[in-house]
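The structure under discussion appears below in the form of structure tokens.
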Amino acid sequence: MSSGYLEGQILIAMPTMADPRFARTLIYMCAHNADGAMGLVINKPLESLTFDELLEQLEVEPNGAHTDVQIHFGGPVESGRGFVLHTADFMQEGTLVVDGDIALTATVDVLREMARGAGPRHSMLALGYAGWAAGQLESEIQENAWLHVPADPDLLFGVDLEDKWELALKKVGVADFNKLSGAAGHA
């Protein structure tokens, strides 16, 4: 992270996050540079759609080999667009390696592979994404809306979605989130 950008990091919404779409969220940063940022919410399940229903909509034949894939709310931008965040053991044309062992694929082909049990070792399927214009995320961080922590497999692919937010806070040394201040300080 010597560039000052947060690609490959996880954003942690502060307890005072006013936007209900991002309250208590963790966002894996897939891209962050001078032009803006893009990430996926990794701890909010989407209850309105199952993996089998998604496969049916896409006319992909499930063969029963896939595990119970949970679909996540990835963010409010392009909510009909799917993204699979996964380990880099699975690569195909169009796959973007984000940070060494983590990759992102946004094609139907990865879903076909997952449906037949041949997809990545670990994955997370999200609909939509979170996006920021140039300088917007930096402003939000200065306003004390976000903390960040290095990504790890438990935070990215762990199935205990309810406790991920508090686990991420503990990883940055916050034992009691109620003691975090919503006021930003400037020296």
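Can you find a residue that is modelled with pLDDT of 95 or more and either assigned to a strand (DSSP E or B) or hydrophobic (A, V, I, L, M, F, W, C) (or both) anywhere in segment 55-72?
Quick first cut of segment 55-72, residues modelled with pLDDT of 95 or more only: none.
No.
Give segment 64-105 a look and list any residue that's without any contact (Cβ under 8 Å) to a residue 60 or more places away in the chain, hydrophobic (A, V, I, L, M, F, W, C) and within 24 Å of PRO150 (Cβ to Cβ), or say none.
Answer for segment 64-105, where residues must be without any contact (Cβ under 8 Å) to a residue 60 or more places away in the chain, hydrophobic (A, V, I, L, M, F, W, C) and within 24 Å of PRO150 (Cβ to Cβ): PHE73, PHE83, VAL84, ALA88, PHE90, MET91, VAL97, ALA103.
Yes or no, residue by residue, for (1) within 17 Å of the chain's Cα centre (by Cα); (2) modelled with pLDDT of 90 or more; (3) within 17 Å of ARG24 (Cβ to Cβ):
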| position | (1), (2), (3) |
| --- | --- |
| LEU96 | yes, yes, no |
| GLY119 | no, no, no |
| GLY135 | no, yes, no |
| TRP165 | yes, yes, yes |
| HIS186 | no, no, no |
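Pairs under 8 Å by beta carbon, first residue under 18 Å from MET17 (Cα atoms) in segment 126-142, partner surrounded by fewer than 18 Cβ atoms within 10 Å (Cβ to Cβ) and among the aliphatic types (A, V, I, L, M), six or more apart or different chains?
Partner pairs satisfying both residue conditions: TYR129/VAL77; ALA130/VAL77; GLY131/VAL77; GLN142/ALA184.
In segment 24-67, what residues are surrounded by 14 or more Cβ atoms within 10 Å (Cβ to Cβ), farther than 15 Å from ALA126 by Cα and hydrophobic (A, V, I, L, M, F, W, C)?
ALA31, ALA37, VAL60
Please find, within segment 13-30, the residue that is farthest from LEU161 (Cα to Cα) out of those that are modelled with pLDDT of 95 or more and either outside any loop (DSSP other than H, G, I, E, B) or over 17 Å from the mean Cα position of the chain (by Cα) (or both).
Per the stated criteria, the residue is CYS30.
Looking at the structure I just gave you, is ASP154 without any contact (Cβ under 8 Å) to a residue 24 or more places away in the chain and over 19 Å from GLU47 (Cα atoms)?
Yes: the conditions hold for ASP154.
Please name all residue pairs, on different chains or six or more residues apart, with Cβ atoms under 6 Å, provided the first residue is in segment 6-21 and is more than 18 Å from ALA34 (Cα to Cα) and the second residue is loosely packed, with under 14 Cβ neighbours inside 10 Å and modelled with pLDDT of 90 or more.
Note: no pairs meet the criteria.
What residue, among those in segment 168-179 that are over 25 Å from ALA37 (Cα atoms) and either assigned to a loop (DSSP other than H, G, I, E, B) or hydroxyl-bearing (Ser, Thr, Tyr) (or both), is modelled with the lowest pLDDT?
Selected residue: ASP176.
Filtering segment 35-50 down to residues that are assigned to a loop (DSSP other than H, G, I, E, B), of a type outside the set (D, E, K, R) and modelled with pLDDT of 95 or more, which residue is nearest to ARG81 (Cα to Cα)?
ILE42
Pairs only if they're at least six apart or on different chains, beta carbon under 7 angstrom, first in segment 41-63 and more than 25 Å from TYR28 (Cα to Cα), second of a type in the set (D, E, K, R); list them, first residue then second.
Final answer for the pair search is VAL60/ARG112; PRO62/ASP52; ASN63/ARG116.
The values are calculated or read from the model by the stated rules, or taken from the named source; none is laboratory data. Everything quoted here is computed from the prediction, not taken from an experiment. Neighbour counts run over all protein chains shown; Cβ positions are idealised from the backbone, glycine included.
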